[in-house]
Amino acid sequence: MALLLVGVPLGVAVRTVLTTRALDVLQREAEQAQLLLGEQGVSVQGVAVLLDAFARQSGTRLTLLDRRAGVTVQIDTGPPPPDELFFDVDGDLTEAAAGRVGRTATGGLLAVSVPVRGTAGVRQVLRATVTDTALRGEVRAAWLAITGLGLVALVVATVLARRQGARLAAPLEQLAASARRLGDGDFSVRAPTSGLPEPDEVAVALDATAARLGSLVERSRSFGADASHQLRTPLTALRLHLDAMEDAPDRAAVAAAQVEADRLEATIDELLTLTDPPGEAEPIDLGALVRERVDSWRALGAEQGRPVVVHTADVPPMRARGAAISQSLQVLLDNALMHGGGTISVSVRPAAGGVRLCVSDEGPGVPENPEPSGAGGRGLPLARALVEAEGGRLSIERGRPGAVVCLLFPVSGLPPGGLPPSAPS
């Protein structure tokens, strides 16, 4: 389209320029021949001889026309052009009759008529005519040159367009391949960047989608195992109470079993709540929540001869989901009961910019890199994920007998995820 929009007007302009130049040359020849008519002492026959010699030399047909009694031909050097073409066009004669130089280029003829000087009024006109064969050859050669240049430009543009198209298409093809891998379940796929803004924006969005989907799928896959881990302790407590009912059934044992069943149901509800995307958190009293949750663990600790003690101080309200804190605390108590030793202590204390919940015991402590099946259990990664989702963090202290695992949460006045870096760990 660009070549057509440029080439067609250029071809028309070239033809106009070449036509104007050819008429200029013909006008100069007519004006030079006009000078011969003004020679003194030259008869009409002599003028005819001079015009005929000039016409043969220039290849132009010269005609002297007398307009005093119609239009009569006084001198004519003869073809070219042929008579039928010569007399078919007379627009230039009209201009010359008015005292101006007349020019015309139409019907295969180039004609220039000039008024003859030295006459009273315009009674004679000298007309120079030539066919446009040479002009058509020049125009054709110019158009062929323009067409050739256009074809060269088209080839160059095609090569550049293919290269540029390949450069633009390559990142899109890579994005399509990454999207197919993502659709096949490979959530580790990462789309490559190309340096082009638009595909790179799509790549960033695709990477974020892959990360979110991978997290959701991983969370879904681990939910069964995490739920089994979290439900094991309430089921154990319920089984103990049921065993006690078999040995000595009484109202207290039945009530305890009902309490454990209620706690098991609450745990299931909390686990199901945690599978949903995080919503708006409500301010909660951490001390009251801990005292409520620890009561059911005292019976489990008593079965192993390990007391569970609670120390809570006045702390400001914190903003988090109660289900996340309850399950994190259950993980810590479960690990302390299963892998620790001695007294289990639960403390709630204010911290710099937040609230600190710690669970400690008198056992061997937590190893540097706890395995899911070893000391520390699979619950610690779950607790860490739950705490970080609420804007807090989990820290493990070592270097003394036993283990101290602490959960740090921001208070209600801080934005989510807002514990300062200087908060104790």
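Each reported figure results from applying straightforward, stated rules to the coordinates on display, with no laboratory input. Quick caveat, the model's predicted, so the values are computed rather than measured. Note that each Cβ is placed from the backbone with ideal geometry, even for glycine, and that neighbours are counted across all protein chains shown.
Observations, loosely collected:
- Going by neighbour counts of Cβ atoms within 10 Å, the residues Thr19, Thr193 line up, fewest first, as Thr193, Thr19.
- Order of Cys358, Cys406 under a 10 Å beta carbon neighbour criterion, fewest first: Cys358, Cys406
- The protection proxy used here, the mean number of other Cβ atoms lying within 10 Å of each residue, ranks peptides 123-134, 285-296, 145-156, 204-215 as follows, highest first: 123-134, 285-296, 204-215, 145-156.
- Between Ala169 and Val155, the contour length at 0.36 nm per residue exceeds the alpha carbon distance by 3.0 nm.
- Taking 0.36 nm per residue of sequence separation and removing the Cα-Cα distance, the Arg28/Ala134 pair yields an extension gain of 36.4 nm.
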